[in-house]
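Shown next, in structure tokens, is the structure this report addresses.
Computed from the coordinates by the stated procedures, all read-outs in this text should not be read as laboratory data. What you are looking at is a predicted structure, and each value in this text was computed from that prediction instead of being measured. Cβ placement follows ideal geometry from the backbone for every residue including glycine, while neighbour counts extend to all protein chains displayed.
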Amino acid sequence: MVNYLVRRVVNFLFMVALASTLGYVLSSLAFDPSSNYQGANPPIPQSTIDAKLDNLGVNPERPLISRYVNWAGDVLSGDFGLTVGEQRVNEELSRRVWVSLRLLVLGSIIGSLAGVALGVVSAVRQYGVSDRAASVLSFSLLSTPVFLLAILLKFGAIDLNNRLGTTFFYTIGEYSADFSGNNWDLFVNRLQHLILPTLSIALGGIAFYSRYQRNAMLDVLGSDFLRTARAKGLSSRQSLFRHGLRVAILPMATFFAYSFGLLVTGAPFTETIFGWNGMGSWFISAVQSNDINSVSAVIVFSSVLVLLSGLLADVAVAILDPRVRLR
Amino acid sequence: MAALQTEEVTPQSLESARSDDRLTRGALIRLRFMRNRLAVAGVVILAAMFLLAFVGPFVSKHGWNELDFLSLLQPPSREHWFGTSQIGGDVFALTIRGLQKSLIIGLLVAVFSTGLAAIAGGFAGYLGGRVDRGVMWLIDALLVLPSFLIIAVMSPLYRGRTWLVFVVLLAAFGWMVTARIVRSATMSLRERDFVRAAQYMGVPARKIVFRHLLPNVASILIIDATLNVGATILSETGLSYLGFGVQPPDVSLGSLIAEGTASALTYPWLFMFAGAALILTVLAVSFIGDGLRDAFDPGSSKSKKKSRRKGEIQ
């Protein structure tokens, strides 16, 4: 087990290094940071532009290899460099990371738990009304892109607010800027802001997991060991949860690793539509402003996140499945 | 792929098999597919979308790049079926233009990426060894980063160029999962007698992969190509929504929705039709994909589980 984990961690570090290299090199090749300073009136002299680019460490006059080595060395010592606006990337990162993590972690936990529960219920009541309703719902949700879902949620909430005459759901930002009140009120206020963005991330997850969990559960329901469990006197509930679910949930752990990539893709849309200043909205503005250092930081963040979820999934499988543990 | 798995054949198909002694595999698959109501509905919806996208321009009263300065932000009417936009564009013409672009991109990318996946997965699975390790390494490396991020980063490269560059990028970063499936399928076929026979007859590896292995995983390829159409349309519209995909003045469903949502509460027709067309298209494609899977491989479908569960514990 220890050996297995050590191997996974080494592989993890290697993959993060690879992904961040890919991110830095690709953005350096694709972006033209000097275009940010051109077309200004009065025009900025070339020497000033060069000095600014040198300061950021992105001057295309320098060979890419030396720029990359410099950047990688800084990152290894914990410094992601400067943004195009000459702010420290680290500061921006520490401010935004928690915004996105709150959204993604909450969204994925709610999405996976509710999805698994829905899938189990659908499988146990196969072809029942609830199963059919869940199927139709998850098919439609899987066919709706995140941005459209977020927009529909937002407009639905605004409509609801207008009808109720009060603001129940907030659709912009993480909390009201002009807010005053005690901690409890602030918590409620944050919660009112949090519901819709989290829902827009979680709904896709619910649809995704419930489909797969339903199929996995159906496979298990017809199996001999479950019949044995019933035959030795367990109630149907006990046999389902103690023996059935434990097996049927294994493939979900692997899907969890894959779906985190989807979640990371969804974050930019959710964050821009609901006006959250997280990593996703930062990524979009950084691409638009040719900001190589910021884009690379977001890519390092998302690769760490995707790989970490993969690692977590491996550990979960090892805990749940004795066959993997013994290997 | 065994030809006919008798245990899966339902009474209806048996009946039709008896009435027509020479029921081919293709006919059997068509029969199974046509019995699936959702899949047939998917075909109908998708056909309607294609008709709308490619015949629509001929019946539309306005071109997609024509501006009617006399009617700005008008609701749907007899003159402008889906209403007009802020600058007087005809929303019907714009929507079918966007639908056209999204459908073409979806189809092209699905064909390219599935082809790429077949070649990469087929050779990796058949040759094994160093080739296999190399391909798997590449797949793992490309899967670490969501392709959305990579393509968005590379978007300045095709700004102001043809949208075909965008298609190539979407295909280049969309083949990995299918390639894995193809690889594991070819690995299990590699040891079969007909492949051995070909090897001993001195057939070169390239020919074995293309003539003997890939035709045997054709069902996987067809199913995945279909599902990839939906996945591609989703990522294309997402990227276009953020301005990283199809570039103006051209439009796609994604960029239309992005433009329409700015004032969608007061003028819902600006994004409503594009949104509905997008959801319906992707939904239809996934119904067809699921129907194809059930038709090709009924063993993996519900019918088996249903019969197996009969008389089981409840």
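Fewest-first ordering of B:T237, B:T114 by other beta carbons within 10 Å of each residue's beta carbon gives B:T114, B:T237. For the protein assembly as shown, the convex hull spanned by the alpha carbon atoms encloses 227 Å³ per residue.
Could the peptides B:31-44, A:45-58, B:165-178 be put in order, highest first, of the mean number of other beta-carbon atoms found within 10 Å of their residues? Display every interim value, and only then the final one.
Details: B:31-44: 16.7, A:45-58: 14.4, B:165-178: 20.8.
Ranked from most to least packed, the peptides come out as B:165-178, B:31-44, A:45-58.
Using the Karplus relation 6.51 cos²θ - 1.76 cosθ + 1.60 with θ = phi - 60°, the per-residue 3J(HN,Hα) values for region A:83-95 come to 7, 4, x, 6, 9, 7, 4, 4, 5, 4, 4, 5, 6 Hz, with x marking Gly and Pro. Only one residue of A:G128, A:V2, B:A118 has its Cα farthest out toward the positive end of the dipole of the protein assembly as shown, where Lys and Arg carry +1 and Asp and Glu -1 on Cβ, and that residue is A:G128. Using a simple spin-label model with pseudo-atoms 7 Å out from Cα toward Cβ, B:A141 and A:N55 lie 3.6 nm apart.
When A:I273, B:I87 are arranged by Cβ crowding within 10 Å, least crowded first, meaning fewest neighbours, the order is B:I87, A:I273. What's the center-to-center distance, using Cα atoms, between region A:216-236 and region A:88-135 in Å? That distance is 28 Å.
For region A:30-138, which chymotrypsin sites (Phe, Trp or Tyr not before Pro) are both in a DSSP coil and crowded by at most 12 other Cβ atoms within 10 Å?
On the way: sites: A:F31, A:Y37, A:Y68, A:W71, A:F80, A:W98, A:Y127; in loops: A:F31, A:Y37, A:F80, A:Y127.
For chymotrypsin sites (Phe, Trp or Tyr not before Pro) across region A:30-138 that sit outside H, G, I, E and B with at most 12 neighbouring Cβ atoms in 10 Å, the list reads A:Y127.
Classify region A:178-293 as rounded, prolate or oblate from the Cα gyration tensor: take a ≥ b ≥ c as the square roots of its eigenvalues, call it rounded if a/c is under 1.5, otherwise prolate when a/b beats b/c and oblate if not. Intermediate results must be reported in sequence, preceding the final value.
Working: a/c = 4.51, a/b = 2.00, b/c = 2.25.
Oblate, since a/c reaches 1.5 and b/c is not below a/b.
How long are the semi-axes of the equivalent ellipsoid of region A:1-139, defined as square roots of 5 times the Cα gyration tensor eigenvalues? Whole Å, largest first.
On the way: eigenvalues 427, 103, 40 Å².
One finds semi-axes of 46, 23, 14 Å for region A:1-139.
Suppose every Lys and Arg Cβ carries +1 and every Asp and Glu Cβ carries -1, with no other charges. What dipole size does region A:211-327 come out with about its Cα centre, to the nearest 20 debye? Please report the intermediate quantities before stating the final value.
Numbers: 11 positive and 6 negative charges, 195 e Å.
Dipole about the Cα centre, nearest 20: 940 debye.
Within 10 Å of the Cβ of each residue in B:153-163, the mean number of Cβ atoms contributed by other protein chains is 4.
Distance between the modelled labels on A:N189 and A:A114, one decimal in nanometres: 2.6 nm (7 Å Cα→Cβ projection).
Which of rounded, prolate or oblate describes region A:225-327 when judged by the alpha-carbon gyration tensor and an a/c cut-off of 1.5? Before the final figure, lay out the partial values.
Numbers: a/c = 6.13, a/b = 2.66, b/c = 2.30.
Prolate, since a/c reaches 1.5 and a/b exceeds b/c.
Around the amide H of A:L82, modelled in the peptide plane, lie the amide H atoms of A:V89, all under 5 Å away and 5 or more residues distant in sequence or on another chain. Which one, A:L203, B:V182, A:S34, is farthest towards the positive end of the dipole of the protein assembly as shown when Lys and Arg carry +1 and Asp and Glu -1 on their Cβ? So the residue furthest toward the plus end is B:V182.
Taken over region A:93-173, the alpha-carbon convex hull comes to 127 cubic angstrom per residue.
Each Lys and Arg contributes +1 and each Asp and Glu -1, all at the Cβ; summed about the Cα centre of chain A, the dipole is approximately 1940 debye.
Just counting partner chain Cβ atoms within 10 Å, what average do the residues of peptide A:82-88 show around their Cβ?
Values: counts 0, 0, 0, 0, 0, 0, 0.
That average works out to 0.
Taking all Cα pairs closer than 8 Å and separated by 6 or more residues, the relative contact order of region A:165-229 comes to 28 percent. For region B:60-67, backbone phi angles converted through the Karplus equation (6.51, -1.76, 1.60; θ = phi - 60°) give residue-by-residue couplings of 5, 7, 10, x, 6, 9, 7, 10 Hz, Gly and Pro being listed as x.
Remark: mean inter-chain Cβ contacts per residue of A:142-155 equal 6, using a 10 Å Cβ-Cβ cutoff to other protein chain atoms.
When both region A:237-268 and region B:53-124 are represented by their alpha-carbon centers, they are found 37 Å apart. Karplus-based coupling profile of region A:230-241, in residue order and whole Hz: 5, 5, 7, x, 6, 6, 5, 5, 4, 5, 5, 7, with θ = phi - 60° in 6.51 cos²θ - 1.76 cosθ + 1.60 and x standing for Gly or Pro.
Convex hull volume of the C-alpha atoms in region B:154-214, normalised per residue: 94 Å³. Just tell me, in residue order, which DSSP H segments of chain B are both 18 angstrom or longer along the helix axis (alpha-carbon based) and at least -1.0 in mean Kyte-Doolittle hydropathy. The qualifying helices are B:37-59, B:91-127, B:129-144, B:176-189, B:218-241, B:269-296. Each of B:H80, A:H243 was scored by other Cβ atoms within 10 Å of its Cβ. Arranged with the fewest first, they read A:H243, B:H80.
Assuming a viscosity of 1.002 mPa s and a temperature of 20 °C, what translational diffusion coefficient in µm² per second does Stokes-Einstein assign to region B:64-147, Rh being the Kirkwood radius over Cα pairs? In µm²/s, the coefficient is 130.
Where a Cα-Cα gap under 17 Å defines reach, which aspartates and glutamates qualify for A:K52, not counting those fewer than 8 residues away within the same chain? Correct list for A:K52: A:D32, A:E61, A:E86, A:D291. Under 10 Å, Cα contacts only: if you run a Gaussian network model on chain B, which one of B:L138, B:L52, B:L283 comes out with the highest mean-square fluctuation? Looking only at B:L138, B:L52, B:L283, the largest GNM fluctuation is found for B:L138. Between A:D74, A:D185, A:D219, the GNM of chain A built on Cα springs shorter than 10 angstrom shows A:D185 fluctuating the most.
Summarising the amide proton neighbourhood of B:V246: residues at separation of 5 or more, or on other chains, whose placed amide H is nearer than 5 Å comprise B:S240.
Translational diffusion coefficient of chain A at 10 °C, 1.306 mPa s, Stokes-Einstein with Kirkwood Rh over Cα pairs, in µm²/s as a whole number. Display every interim value, and only then the final one.
Values: Rh = 22.8 Å.
This corresponds to a translational diffusion coefficient of 70 µm²/s.
Around the Cα centre of region A:1-83, unit charges on the Cβ atoms of Lys, Arg, Asp and Glu (plus for the first two, minus for the last two) sum to a dipole of about 380 debye.
Taking chain A as a Gaussian network of alpha-carbon nodes connected by springs under 10 Å, the highest mean-square fluctuation of the residues A:G244, A:G73, A:G280 belongs to A:G73.
Taking label points 7 Å from Cα along the Cα-to-Cβ direction, B:V203 and B:S184 give a separation of 2.6 nm. Since only B:L169, B:N216, B:L149 are under comparison, the one whose Cα sits farthest along the positive direction of the charge dipole of the protein assembly as shown, derived from C-beta charges on Lys, Arg, Asp and Glu, is B:N216. What is the set of long-range amide H partners of A:F31 at a cut-off below 5 Å, with H atoms built 1.01 Å from backbone N? Long-range HN contacts for A:F31: none found.
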